[in-house]
Structures are given as structure tokens and as C-alpha cells.
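Here the structure is laid out as C-alpha cells; the discussion comes afterwards.
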Amino acid sequence: MPKGRYKIAPYRKQAQSSALGRISGRRIPTSQPIHTVDGDTLRVGSERIRLRGIDTPELNEPRGPEARQRLEQLLKEGPIRIVPHGQDVYGRTVADVFVNGKNVAEVLKQEGFAKPQS
């Protein structure tokens, strides 16, 4: 599978013990820590979430650190809603992430952080 591509498996709703199972489709409680991993991946508690629809540069690639920083800024701009769509081959939840009703992946694409499609 080419780097940056992911296979989506259906999201299992029975995973209620996970952080995402408790917050799916709702605002994230302020007690739930959020960390950016890179420009297209974040952690909510111990749950890794991969933004659906975008592949940003890795941290060791040009613009990778800037993509991560921008994702971090976006996540601080308001209420966050996560809509899971499945899991990738690495076990991360693939989801649409919205801040103030805006899709974070779309904002990053519009700002030029998406890798060119190969």
C-alpha cells in the first residue's frame, strides 16, 4: 500500500471503553487531553485519530512541522466534534474532525498543507 494511503474498516460502535467511543459525534470534554501527532493525526486521550481525506507531509518532510502546528492551532479555535468513519491498517480511527463547524481537513487542504496526489 503506498505511503499515506489507508484502508478503512467499518467503525465498531461497541468500542465504548475507548475515548472516542465516549465522545463520538459530540463535543470533546475539556478534561480529555488532545495532542497533535503530525499534520493529519491527533490523539484524544489514548485514541489516535487520522483525519479523513487528507495526507499532510511527515514531520521530517518540508512543511511537515508547519502542518502539525497549523492543526494544533485549529484544534484550539473552538468546540471540536469528531465523526468516525472506520479504522485504518494501523488501528487508528479515521474520522472527520470539525472545529466551530469547519472540517479541519478541508481547511488544511485550502491552506496548501495536503501532499500532491501521486
- Within region 92-105, can you find the residues that are within 16 Å of ASP38 (Cβ to Cβ) and part of a loop (DSSP other than H, G, I, E, B)? ARG92
- Candidate set from region 32-77 (those that are at pLDDT below 95 and acidic (Asp, Glu)); member that is farthest from ASN103 (Cα to Cα): GLU47
- Message: Given the criterion without any contact (Cβ under 8 Å) to a residue 60 or more places away in the chain, under 15 Å from ASP38 (Cα atoms) and within 12 Å of the chain's Cα centre (by Cα), identify the matching residue among LEU75, LEU108.
- Response: LEU75
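Scan region 67-78 for residues that are part of a loop (DSSP other than H, G, I, E, B) and among the acidic types (Asp, Glu) and report the count. Don't jump to the end; show me each part of the working.
Quick first cut of region 67-78, residues part of a loop (DSSP other than H, G, I, E, B) only: 76-78.
Narrowing the set further to residues that are among the acidic types (Asp, Glu) leaves 77.
Qualifying residue count, region 67-78: 1.
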- Message: Which count do you get for residues in region 44-66 that are out of contact with any Gly (no Cβ under 9 Å at 6 or more places or on another chain) and either part of a helix (DSSP H, G or I) or closer than 11 Å to ALA105 by Cβ (or both)?
- Response: 2
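The values are calculated or read from the model by the stated rules, or taken from the named source; none is laboratory data. Just so it is clear, the model here is predicted, and its values are computed rather than measured. Reconstructed Cβ throughout: ideal geometry from the backbone, glycine too, with neighbour counts over all protein chains shown.
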